[in-house]
Amino acid sequence: YRTDEGKPWVLPVVRHMEQKLAADETLNKEYLPVLGYEPLASAATRMLLGSDSASLKEGRATGIQCLSGTGALRVGAEFLAHIGKHSIVYSSNPTWGNHSLVFLNAGFTSYRSYRYWDAAKKALDFDGLMEDLRNAPENSVIILHACAHNPTGVDPTQDQWRQIADLIE
């Protein structure tokens, strides 16, 4: 997040929690397990999938904690390329330049983009996005920014998210 002047802006809740954590003398700097802090990963997975998720109840889904967004993308890319045998990935246009390198270096053979930002209208190009995703080959991996699309900051509406989910399900 950035201010109107382009400077980084930290959410007040983040500042509050930083102070709270810094004051907690029971916390230490010990290394976390390789899969991260399990209570955090578990809570995030339940939040994402829903506590009543069949995938969670049946043990078909889990979560891990990664170091940074790029680190999480790399872990996901490695898993999808080597375990899922996926080879084509789509990312929004625009996106960060490291996304292509993360996926190509993890074993994907094709990095493609889908339309996202309409510079002339300064808005989401929803029709273009849907057309590009509709034309993506079956079993393509689609990178979606769940909120605060980086770098545009523009997110689909709830109805648009439903349409995207219906299309790629």
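Computed from the coordinates by the stated procedures, all read-outs in this text should not be read as laboratory data. All figures in this text were calculated on a predicted structure; none of them were measured in a lab. Neighbour counts run over all protein chains shown; Cβ positions are idealised from the backbone, glycine included.
Here is how the numbers come out for the structure above:
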quantity	calculated
For peptides 82-91, 61-70, sequence by mean Cβ density within 10 Å, most packed first	82-91, 61-70
Long-range HN-HN contacts of Q65 with modeled amide H, under 5 Å	G36, Y37
Least to most buried among W117, W161 (fewest other Cβ within 10 Å first)	W161, W117
Antiparallel DSSP beta bridges within the chain, percent to nearest 5	25
Semi-axis lengths, Å, region 11-151, gyration tensor of Cα atoms, sqrt of 5 times eigenvalues	31, 21, 16
For the chain, with +1 on Lys and Arg beta carbons and -1 on Asp and Glu, the positive-most of I168, M47, H145 along the dipole	H145
Once the Cα gyration tensor of region 68-169 is diagonalised, semi-axes √(5λ) in Å	23, 15, 12
Loop GluC sites (Glu not before Pro), region 1-68 (other Cβ atoms within 10 Å of the site Cβ: 11 or fewer; DSSP)	E5, E25, E30, E58
Value of [θ]222 nm, deg cm²/dmol, for the chain, DSSP H segments ≥ 4, -39500 (n - 2.57) each, nearest 500	-12500 deg cm²/dmol
Amide hydrogen neighbours beyond the local backbone of S113, cut-off 5 Å, H modeled	S91
